[in-house]
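Chemist: Provided herewith is a single structure, encoded as structure tokens, for subsequent inquiry.
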Amino acid sequence: MMGEDVFRLDGNGAAGVLQEIFAVEMTTASCTCEGCGRVSPVGALHLYGGAMGSVLRCPSCEALVLCITSGPRGHFIELRGIMRV
Amino acid sequence: MRASPIRWLSAEVLQIAAETPRVKTIRLAVPGWRKHLPGQHVDVRLTAEDGYQAQRSYSIASPPEEDGIALTVERLEDGEVSTFLTGELRAGDQIELRGPLGGYFTWTVERGGPLALVAGGSGVVPLMAMVRHRAAQASRIPMHLLCSWRSADDVIYRDELALLAARGDGLDVTHTLTRGAPAGWRGYTRRIDREMLLEILTGPDARPIAYVCGPTPMVESTATLLVSLGHAPERIWTERFGPTGGGS
């Protein structure tokens, strides 16, 4: 089982950058996937990271929930679905 | 929900101890530290003289009952942060970190049990904070810890875990070695599988809380096996260590 599955982490691993952006602990917040309606804690989302930023996907249907692009001028965030803190 | 803006803290290295040839535990004094929960991590940031920065996440190994924090770091050959932390860092040095981070993968005695902890290699680190917290609280909550290692030389916290298990207060520790065992080894010598989970862990009827931490394939196969054995998915907490995230 190689490929991109090996690079999958948990949303919990993005706790630092999420707290930097939202100024609250986000991994225990719940979010609802726009794609399939699944409600998950942010910490349970699937995290895919790279040099440019991080992508958080629904653990059930892999739809994009949150995308963080990081650069010298800060973070750019794209949010889909519903987040309840 | 209380706002808790995050900021970088300056930590002083108090002591560095070798756990194995590749793994070291770094004790830090962190002025301004808020007490953490067992299972939480920190982000460590290194800045080179030319301003280049590298940042990685590391689980906290120590319980909240201790002053300061301890990080146990495995050296990865291509890890630009872990090679510095395990090779060049010395007592008295300062490093930047922020935390505690990640409320999702946490446990305290108030949450109860029984507990089923499963670790792959250095994935044992956040689970060790839970083990130590339970001991510091003199808790008797049943806790099974199953650790998978490549070889006997890779086992970390071995003596401390043996001492804690010998107390007979409900902690059981099992090691399995996946790439060969020394003469006289009487434990498991294979990857974690269905039979091992059945033999070691509290069964689903007792509704244990499971924490699984390690490399992504190991975490996912273990979580899948636990669900197939009847464990409730909402009582299984996972923390994947990947090549670019925690522990690199």
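The values are calculated or read from the model by the stated rules, or taken from the named source; none is laboratory data. Small disclaimer: the values here were computed from a predicted structure and weren't measured. Reconstructed Cβ throughout: ideal geometry from the backbone, glycine too, with neighbour counts over all protein chains shown. Quick note on the areas: whole protein, heavy atoms, side chains included, nothing else; ligands and nucleic acids left out. Shrake-Rupley method; radii C 1.70, N 1.55, O 1.52, S 1.80 Å.
Chemist: Give me the pairs, please: first residue somewhere in segment A:59-85 and in a loop (DSSP other than H, G, I, E, B), second residue anywhere and among the acidic types (Asp, Glu), beta-carbon distance under 6 Å, and either six or more positions apart or on two chains.
Modeler: A:Arg80/A:Glu34; A:Gly81/A:Glu34
Chemist: Only one residue in A:Gly37, A:Gly81, A:Gly50 is over 26 Å from B:Trp107 (Cβ atoms) and facing chain B (nearest Cβ under 9 Å), so which one is that?
Modeler: Answer to the check: A:Gly50.
Chemist: Residue by residue through segment B:177-210, note down the ones that are crowded, with 19+ Cβ neighbours inside 10 Å and either among the β-branched types (Val, Ile, Thr) or assigned to a strand (DSSP E or B) (or both).
Modeler: Scanning segment B:177-210 gives B:Leu177, B:Tyr188, B:Ile192, B:Thr202, B:Ile209, B:Ala210.
Chemist: A further question on this structure: Determine, yes or no, whether B:Asp172 is more than 17 Å from the chain's Cα centre (by Cα), surrounded by fewer than 19 Cβ atoms within 10 Å (Cβ to Cβ) and more than 30 Å from A:Phe22 (Cβ to Cβ).
Modeler: Judged against the criteria, B:Asp172 is not a match.
Chemist: Go through segment B:54-63 and count every residue that is in contact with a Leu (Cβ under 7 Å, 6 or more places away or on another chain) and buried (at least 20 other Cβ atoms within 10 Å of the Cβ).
Modeler: 3
Chemist: Just checking, does segment B:154-166 include any residue being in the same structural domain as B:Ser122 (by TED's automatic domain parsing), closer than 30 Å to A:Leu56 by Cα, of a type in the set (A, V, I, L, M, F, W, C) and surrounded by fewer than 20 Cβ atoms within 10 Å (Cβ to Cβ)?
Modeler: no
Chemist: Evaluate segment B:71-79: report whether one residue or more is farther than 19 Å from B:Val124 by Cβ and open to solvent by 40 Å² or more (accessible area, probe 1.4 Å).
Modeler: The answer is yes; a qualifying residue exists.
Chemist: From the list A:Ala29, A:Ala14, which one is within 9 Å of the chain's Cα centre (by Cα), at the interface with chain B (Cβ under 10 Å from one of its Cβ atoms) and not aromatic (Phe, Trp, Tyr)?
Modeler: A:Ala14
Chemist: Given the criterion small (Gly, Ala, Ser) and outside any loop (DSSP other than H, G, I, E, B), identify the matching residue among B:Ser148, B:Ser139.
Modeler: B:Ser148
Chemist: State all residues of segment B:98-126 that are out of contact with any Ser or Thr (no Cβ under 9 Å at 6 or more places or on another chain) and away from chain A (no Cβ under 14 Å); if no residue qualifies, say none.
Modeler: B:Glu110, B:Gly112, B:Leu117
Chemist: Looking only at segment B:80-108, filter to residues that are more than 26 Å from A:Gly11 (Cα to Cα) and among the aliphatic types (A, V, I, L, M); which one of those is least open to solvent (accessible area, probe 1.4 Å)?
Modeler: Among those that are more than 26 Å from A:Gly11 (Cα to Cα) and among the aliphatic types (A, V, I, L, M), it is B:Leu89.
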